[in-house]
Amino acid sequence: MFQCIMTVLGGHRSVLHHRVTWRMLLALVLFLPSGELTAQPSTSAEAEGPRPTANDSVESDQEKENGLATTTSADEQAMGVDDWIDKKFEPIADWWESLVLTPIPLGREVPPVDELLKPEWQERIGLDPPRAANIAIMIEDRNSAVLAESNGHRRAEIVKRRNREILDTLTEEQQSLFYRQRQIPLVLILLVCGAAFFTVAFKFVNIRLLPFAIRVVSGKYDRIEKEGAATVQPEVHTTDGDVVDTIRDEGESGEVSHFQALATAVSGTVGLGNIAGVAVAIAMGGPGATFWMIVCGFLGMSTKFVECTLGVKYRDLERDGTVHGGPMYYLSKGLRELGLAPLGRVLGIIFAVLCVGASLGGGNAFQSNQATKQILSLVSIEGGASGTIVGILLAIVVGVVIIGGIKRIAAVTEKLVPLMAIIYVLAALVIIISHLQHLPAAIQQVVAGAFTPAAGFGGVVGVIIVGFQRAAFSNEAGAGSAAIAHSAVRTRYPASEGVVALLEPFIDTVVICTMTALVIILYNLDGRFQYGDVVNGAVLIDAERVSGVDLTSRAFDSVLPGFKYVLTLAVVLFALSTMISWSYYGLQSWKYLFGRSARVDLTYKILFCTFIVIGAASTLNSVIRFSDAMILALVFPNMLGLLLLFPKVRAELHRYLMAVRQASQ
């Protein structure tokens, strides 16, 4: 440990070369999940476990041991491969979420009544078997009544009334125990307050420079930016010279057509966060979550401007033009300029470790999970090892690209992604326009739900949390991951890339996420499902639990029959594109920690492909908790660095705007 600390303070880039650190890492991987992870309680509302009651009996150690062995053996024989993987993965997700999303309590809320079917809740509130059996019958009757009713509004009323009747069967003490605590994660406070600070500090750069950003993306100022700039060899996901995860086509020189600029911008932002993530937000937070997603999107524009400017300013550029960039570089190099070199090295290392985790979570497991669920939903297969099999197939495809170096698959994917993105956006527009007479009602629900949400959402704060959390996952502003891609561009002015980047949260969250949300809200205007009645991330539609991309697919398919087939192809392509891109992000961080060698590269790539299978086999509930926590964990080191370095960004913006003015005279 001492040797590792001295290495960090001594400034070596590859801080994990030492044997002592490898042993520590191996110990964490081997022992932490089986011991420490399962011992930590989750703080999330959905993952909150049962609390012991006063009536719990004390069993002897021998009874516990025998009972546990019998139960475990029976359970493991009954479960399929997917369930087994999810069972092993869920404690890791719970532990990591509880660690990252350290909460502040903000009142209480009532969980969905379906939770009363779970033995842990029955034990927690002291529900005796006869009453539990009666509640199970009441829930079954409710589902039958919903299926028998064709009118959506009456369906919603049936669900609301029957749920109230079920809760009324509980005693006052049991109802009190059935409440759970609504909490707000500290990381969201840091994310939102930081974004608000940058918005004010840069005089609302997110709105003020929006027209200018559009001109920059169109290539109007390419000559100013590229003349005299060093040639770069990006180590991120590129196709024909274009950095895939930016909204500008770096493969083109000079001004491009408006359609080409739009297609590149849309394809660089549309992903499963827009499709599946929005569905989760609407299901959990109701229409009002859309409003707060939009607010978070606007604020995120300022944050992304700052981090992407710093990403270009402090990148490493080798003699052959190879670029290494991202928050780990501007944290270490930028803070060194401020006389905070030890802090910068520590924050850079922390970010790199977390970015590896984020590449395995939001950039991998979530993508494979939703692609797999959409494929299995389309072919009506579930359970057993179906998710694992699809995950293995996806892992082979991604592995062929990132390990085998067969770039043709990635090239074909990136040629199709812009087309699928445009089709998705056009389909959403068609649905919205076809329901134009209902659009005011949908917007009214968005505004009303943002400030006066219905019971069960945890009040206004609960809706804000859901909206901000999903928006942050979608646009990643504040997480710093975008700075890795944007640092790979060729430009003399770092602020030019910051200006380009501020458009991304606008297109991603303010425009596309809002369109998806409106499609789902319009789909539910007749009350097909009840907002907030969520179990494991899924709402109840026709007595079936539907979540994530499945919910979005149903909303599109209700107006455009057969669109689920197009959406399935789009989801798979978006997932593949995102996984390939995030493999580069994670690899950059992995190299920062372990050094640059073929063996180091291969180790990471094998680990990455393994998580594709884990994500495909696990439930959305486990995966999204793990992914959220991994992405949001990046905010801690990144936001601290941004707050310390933002004066450097102000100077770079002034330099770039002066160059543009002089060239325009």
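Here are some notes:
- Residues of the stretch 484-526: accessible area per residue with a 1.4 Å probe, Å²: 15 Å²
- An ellipsoid equivalent to the stretch 575-648, defined through the eigenvalues of its Cα gyration tensor, has semi-axes of 25, 20, 10 Å when rounded to whole angstrom and sorted largest first.
- Asp168 accessible area, 1.4 Å probe, all protein chains in place, Å² to nearest 10: 90 Å²
- Computed log₁₀ I(q)/I(0) - Debye formula, equal Cα scatterers, no solvent, the stretch 309-366, q 0.31 Å⁻¹: -1.09
- Cβ crowding within 10 Å averaged over residues, with 556-563, 89-96 ranked highest first: 89-96, 556-563
- Largest accessible area first, the listed residues Val571, Val600, Val353 line up as Val353, Val600, Val571 when surface is computed with a 1.4 Å probe on the assembled protein chains.
- Whole-angstrom Cα spans of the stretch 474-612 along principal axes, big to small: 55, 37, 28
- Of the peptides 201-214, 326-339, 130-143, 481-494, the ranking by mean beta-carbon count within 10 Å, highest at the top, reads 481-494, 326-339, 201-214, 130-143.
The values are calculated or read from the model by the stated rules, or taken from the named source; none is laboratory data. Being a predicted model, the structure only gives us computed values, none of them experimental. Every residue, glycine as well, gets a Cβ built from its backbone with ideal geometry; the counts of neighbours run over all protein chains shown. Surface accessibility is based on the protein's heavy atoms, side chains included, excluding ligands, DNA and RNA. Shrake-Rupley method; radii C 1.70, N 1.55, O 1.52, S 1.80 Å.
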